[in-house]
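Peer 1: One structure, as structure tokens, below. Some questions next.
The values are calculated or read from the model by the stated rules, or taken from the named source; none is laboratory data. A quick note: this is a predicted structure, and the numbers were derived from the prediction, not measured. No Cβ is skipped: glycine too gets one built from the backbone with ideal geometry, and neighbour counts run over all protein chains shown. The area values use the complete protein model at the heavy-atom level, side chains included, leaving out ligands, DNA and RNA. Shrake-Rupley method; radii C 1.70, N 1.55, O 1.52, S 1.80 Å.
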Amino acid sequence: MPSPAPPARQARLTLTPRTSLAGLLDGAWWPYSRDLAAELPPVVEELRRRWGRVTRITANPGPWPVAPYKVSVGAYAVHVGWFTDQDPDTMILHSHSLGRCDLLVVPPETEPASAARLMAAASAPGNLHTTDALMSGEMSGENATGRRRREARAGEDAGETEDGASLRPRPRPVVGARMIFLPRSARR
């Protein structure tokens, strides 16, 4: 007699309450591991109740050792788009019925108390913290995941040249900004 399949774990997911206070994030997800194929189905099922059927997600491949292009969720597959310029701590889930859901992805190795604080902050109505601010601990002055130390070490290596020029990368342009055509008469 075959052994029964292990019960599916419930997704560690917090979502912002339905309110008129829109924030930068729609909630947070704390996966148990870095196996996206195993971790994504419970999240998609949970979000289906609130947002409708999730058809596509976008993520940064950095935190995920295996980067599948499709993940089976019940009777259908969710398409996965991998973007290296997307924040590694953000996952965007797309639904035909309600648009998109931006989630903070708390690393699986995060301590439970820190994960609870991050999830509460990300799902607070009207949250204006970016994922970078939340993960670096700027929201509370704490170092929740060690990311601040990693970035500080990287910053020490990227100081200045002998002539005083900065080696730090320039800010990236805003992605998705619209370009407005100006007639020649309006140009200077």
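Peer 1: Within region 122-129, is there a residue that is touching a strand residue (DSSP E or B) at 6+ places or on another chain (Cβ under 6 Å), at pLDDT 50 or above and either open to solvent by less than 90 Å² (accessible area, probe 1.4 Å) or at negative phi (or both)?
Peer 2: yes
Peer 1: For residues that are β-branched (Val, Ile, Thr) and open to solvent by 40 Å² or more (accessible area, probe 1.4 Å), scanning just region 60-104, find the one that is nearest to the chain's Cα centre (by Cα).
Peer 2: 84
Peer 1: Another question, if that's okay. How about region 34-90: which of its residues are in contact (Cβ under 8 Å) with a residue 24 or more places away in the chain, in contact with a strand residue (DSSP E or B) (Cβ under 7 Å, 6 or more places away or on another chain) and among the small types (Gly, Ala, Ser)?
Peer 2: Passing the criteria: 37, 52, 59, 67, 81.
Peer 1: Give the residues of region 122-139 that are touching a residue at least 24 places away in the same chain (Cβ under 8 Å) and assigned to a helix (DSSP H, G or I), sorted by residue number.
Peer 2: Listed by number, the residues that qualify are 122, 131, 132, 134, 135.
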